[in-house]
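Peer 1: There's a structure below that I have some questions on.
The values are calculated or read from the model by the stated rules, or taken from the named source; none is laboratory data. Since this is a predicted model, take the numbers as computed values, not measurements. So basically every Cβ, Gly included, is an ideal-geometry build from the backbone, and we count neighbours across all protein chains shown. The area values use the complete protein model at the heavy-atom level, side chains included, leaving out ligands, DNA and RNA. Shrake-Rupley method; radii C 1.70, N 1.55, O 1.52, S 1.80 Å.
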Amino acid sequence: MRSPRLWSVFRPLVRKQFDVIAPTWDTLRGPDSFAPFERALDAVSPPPARVLDLGTGTGEGALAIARLYPEAEVLGVDLAPAMLAEAERKTPPELRERVRFEQGDASALDQPDATFDLVSHANMIPFFDEVARVLKPGGQALFAFSMGAGTPIYVPAERLRSELGRRGFTEFAEFAAGNGTALLARKGDRS
Ligand SMILES: C[S@@+](CC[C@H](N)C(=O)[O-])C[C@H]1O[C@@H](n2cnc3c(N)ncnc32)[C@H](O)[C@@H]1O
């Protein structure tokens, strides 16, 4: 997150680690692990038309968004092809027209500037510059951590607020549900 040079060293290792764990990833999840994500999702307003779920893994977040917002087009991006294969496998036929999965790196996205109304993260390292770049003005960013501060990939709310505040985000809301936490932030209209 802080050092692009270091990330280029770690990227293949992270990808490999998640490729190996992909077939069993969903069995490691508790029944409430998406409760904070869904609580924050309920507060998204207006309903998003274009959504990007970063570090989508097996697609749980992307599919939850598509079910809650029946007009939304959702793109799930992940480094690990085996995680994406699980996400594709789980996508029911009725969502296939609106939900797509693509391999990509959240630190250097292929998407143009100001493309999405919502960029979501569940248990994922945030790359703040890219989130700010691909969100439309007035769009929202969601960060959820299934086990709050006990989540292996966790960024405290104060850190999220300060990083996003420096990049023109103006409205913040925090949530707690199940054993986890989430934060929703809105990009300013002029940033
Ligand atoms: C802890 S898992 C979370 C998966 C899913 N969001 C969930 O909560 O079930 C983190 C995911 O982020 C992916 N990932 C890590 N760094 C990434 C990056 N820079 N760009 C895209 N995906 C990344 C990993 O491959 C992995 O699938």
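Peer 1: How large is the charge dipole for the chain, taken about the Cα centre, if only the Cβ atoms of Lys, Arg (+1) and Asp, Glu (-1) carry charge, to the nearest 20 debye?
Peer 2: For this selection, approximately 500 debye.
Peer 1: With contacts defined as alpha carbon pairs under 8 Å and 6 or more residues apart, what's the relative contact order of the chain in percent?
Peer 2: The value is 23 percent.
Peer 1: What number comes out for accessible area per residue over the chain if the probe is 1.4 Å? Units Å², please.
Peer 2: 50 Å²
Peer 1: Taking the chain on its own, what percent of its Cα-Cα pair distances exceed 27 Å?
Peer 2: Value for the chain: 20 percent of Cα pairs lie more than 27 Å apart.
Peer 1: Oh, and also: Relative contact order (percent) for the stretch 82-191, with alpha-carbon contacts under 8 angstrom and 6 or more residues of separation?
Peer 2: Averaging sequence separation for qualifying contacts and normalising by length gives 23 percent for the stretch 82-191.
Peer 1: Rolling a 1.4 angstrom probe over the protein chains, ignoring ligands and nucleic acids, what is the accessible area of Arg50 in square angstrom, nearest 10?
Peer 2: Approximately 100 Å² of Arg50 is accessible to the 1.4 Å probe.
Peer 1: Moving on to the next point. Please give the length that would be gained between Leu6 and Asp42 if that part of the chain were fully extended, namely 0.36 nm times their separation in residues minus their C-alpha to C-alpha distance (nm, one decimal).
Peer 2: Taking 0.36 nm per residue and subtracting the Cα distance, the gain is 9.4 nm.
Peer 1: Considering only protein heavy atoms and a probe of 1.4 Å, how much of the accessible area of the stretch 2-77 is carbon and sulfur, as a whole percent?
Peer 2: Looking at the stretch 2-77 in its full context, I get 58 percent from C and S.
Peer 1: Round to the nearest 0.05 the FRET efficiency obtained for Arg29 and Ala114 when R0 = 22 Å and r is the Cβ-Cβ distance.
Peer 2: Numbers: r = 33 Å, r/R0 = 1.50.
About 0.10, to the nearest 0.05.
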